[in-house]
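The values are calculated or read from the model by the stated rules, or taken from the named source; none is laboratory data. Treat the numbers as computed from the prediction; the structure is a model and nothing was measured. No Cβ is skipped: glycine too gets one built from the backbone with ideal geometry, and neighbour counts run over all protein chains shown. Each accessible area value is taken on the protein alone, full model and side chains, heavy atoms only, with ligands, DNA and RNA left out. Shrake-Rupley method; radii C 1.70, N 1.55, O 1.52, S 1.80 Å.
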Amino acid sequence: MRKTGFVGTRWLGVGLAAALAVFTISLAVTGRLGLYINPDSTWFAVSMSVFVLIGAVASFALPLGAEADHGHDHGEEPEHDHGHHTSHPLAVAATVAGGVAASGVVVLTLVLPPASLSAELAMSRDVGATPLFGGTDTIQLASTGDTASFGVGEWATVFATATNPDAFDGETVELTGFVTPGEGGEFDLTRLVITHCVIDAQPASLPVVSGASAPDTGQWVTITGTVRSSSDGQLVVAAAAVEEIDEPEDPYEY
């Protein structure tokens, strides 16, 4: 029984950590780690995974139960026989449940193919206020007309904060994103913007008018068109062409 407990402890500790480290490194090697974290953090995630693997290999050099014997090998007889200590049944049940849950998460992570976040998640995270992904730097660039490198996130910041919408009227754009239901246009062009990892992903959306029927929600499209200032002072993208495409290899903006 004690041996089983030691094996379980070893698995819940270095076993799960090593499995996740291998998974992280394999994603980096295959170029898919960007589905989980900002590519700028890849070097950090990979280096930490290497350290974890080195520690895991070193820990498996220890015999089972060596951790439990630490502190009791100084020549003194312990007052209590820790080998016959009985844990409370609730503590044992909680440990087993936690171990099964953690193991299940790791196994599913290893088995299921990496997938991007869905349009449904983007809509569920839409709180009705556009996050400012670029701040004042974006607005200053936009005011100089330097918008060629702008993605959906930067344009969403401009649309939400422009005090002189007419200044952007006539700007040509070519943007890629997925379709979500819109209010200010026929549909919204949406992209998830990541700061560090998918946990902090936030949707950025632009209202689109095209004169044609809207593609299905979740469909990826590339839009070529012009920024227009509407009569009520709101900016929209007037699409000259809406091309349905497959999901790109890198579905996020950063």
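Figures for the structure shown
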item	result
Segment 218-254: GluC sites (Glu not before Pro) in DSSP loop, at most 16 other beta carbons within 10 Å	249
Probe 1.4 Å, all protein chains present, accessible-area order of 254, 36, largest first	254, 36
Using alpha carbons only: equivalent-ellipsoid semi-axes of segment 144-221, gyration tensor based, whole Å	20, 18, 11
Accessible-area value, residue 163, 1.4 Å probe, nucleic acids and ligands omitted, Å²	140
